[in-house]
């Protein structure tokens with residue numbers, strides 16, 4: 001074990017809150033030349049969770065990558081969270097994660113290498129839990145430290161779950177509570193309790209593997225995981241890509257213990273305001289919407305849950321099964337026809 005060291009002291013923005021502003025990212029990716037290939041079933045057109053390439057009539061490969069600066073204090077926890085987050089894109093598309101490669105950026109002359117060993121050990125243990133082969137990786141010397149995985153998964157070409165297949169009449173199920181960004185900000189300010197902080201860590205370490213199993217069992221074909229662009233941002237992308245509107249009941253949204261109390265104190269991470277700006281043209285907020293719930297839905301999540309579009313007649317049964325692994329799982333809204341280009345309506 002490395003000597004006790006708080007990784008949060010190395011960063012201002014950690015986890016998925018360190019992403020580039022989504023609007024800027026969309027703009028800079030415009031007109032980038034891409035080789036066309038009929039076997040590329042899912043590319044960057046809809047900003048989905050990963051890419052999907054067909055290699056045979058019954059197998060397609062999902063490829064994705066994710067890495068970020070520290071989201072928590074303990075190196076081993078950081079490794080587990082980063083790995084769970086990287087694996088999540090495979091699960092969001094209904095796949096099985098097969099292999100992974102470490103992506104490591106670490107300041108070897110500034111920090112004890114024992115810290116890096118604990119980070120990688122955390123990632124390796126999470127891959128074992130996911131039944132995924134950690135097959136190697138790449139390292140560079142860099143500050144602050146960053147860690148993640150490049151992951152390859154498989155899925156049947158006819159059973160791919162994308163973010164552009166939502167249909168009116170379906171209902172929205174969210175598997176994990178919101179508030180990881182708020183809780184980590186509270187931890188930096190010494191305003192959160194050890195119990196609430198640990199609750200956020202435990203949620204982030206939880207694999208979305210079983211959510212993929214449940215989605216395939218019930219024929220779900222549209223979903224996304226909720227990460228740095230928040231429930232609003234990822235929900236907006238899903239609504240736009242599918243040409244529908246997400247009607248969300250804010251009172252149904254599960255929140256991490258302590259998150260709403262911190263928001264009431266004014267503990268609002270900067271990424272939340274970036275996400276609000278990104279979504280303002282396509283999101284409608286009801287007049288009676290509580291401000292703290294609004295900001296919770298704009299909170300940048302790290303290793304968040306799956307937002308899935310489920311058949312209405314199967315939703316109760318699905319939630320019951322999901323709660324065996326995700327006790328926070330809830331129906332939070334429904335899919336309807338879009339109204340004047342609104343992608344998300346929140347009340």
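Where a number appears in this text, it was derived from the coordinates with a stated rule and is not lab data. Note that this is a predicted model, so its numbers are computed, not measured. So basically every Cβ, Gly included, is an ideal-geometry build from the backbone, and we count neighbours across all protein chains shown.
Points to keep in mind about this one:
- With the convex hull drawn over the C-alpha atoms of segment 254-347, the volume per residue is 120 Å³.
- Taking max minus min of the alpha-carbon positions on each principal axis, segment 36-98 gives extents of 45, 23, 14 Å, largest first.
- Computed over segment 171-346, the Cα gyration tensor eigenvalues convert (square root of 5λ each) into semi-axes of 24, 21, 12 Å, ordered from largest to smallest.
- Ascending count of other beta-carbon atoms within 10 Å, so fewest first, for 323, 146: 323, 146
- Calculated mean residue ellipticity at 222 nm for the chain: -10000 deg cm²/dmol, from DSSP H runs with n ≥ 4 weighted as -39500 (n - 2.57), summed, divided by the residue count and rounded to 500.
- For segment 82-136, average projected area of the Cα convex hull in nm²: 3.8 nm²
- Calculated on alpha-carbon atoms, Rg and Dmax of segment 159-213 in Å: 15.7, 45
- Put in line by how crowded their Cβ is, counting other Cβ atoms within 10 Å and starting with the fewest, 264, 36, 191 read 36, 264, 191.
- DSSP bridge orientation in the chain - percent antiparallel, rounded to nearest 5: 75 percent
- Semi-axis lengths (Å, descending) of the ellipsoid that matches the C-alpha gyration tensor of segment 7-159: 29, 19, 12
- Most to least packed among 244-252, 50-58 [average Cβ atoms within 10 Å]: 244-252, 50-58
- Relative intensity, log₁₀ I(q)/I(0), of segment 207-252 from a Debye sum that treats every alpha carbon as a point, q = 0.33 Å⁻¹: -1.09
- Here the ratio of the Cα radius of gyration of the chain to 2.2 N^0.38 Å is 0.94.
- Our analysis of segment 9-68 gives Rg over Rh at 1.08, with the two radii drawn from alpha carbon positions and Rh computed by the Kirkwood formula.
- Inter-label distance, nm, simple model (7 Å from Cα along the C-beta direction), residue 5/residue 190: 2.3 nm
- Counted by neighbouring Cβ atoms within 10 Å, the residues 138, 234, 156, 47 run from fewest to most as 138, 156, 47, 234.
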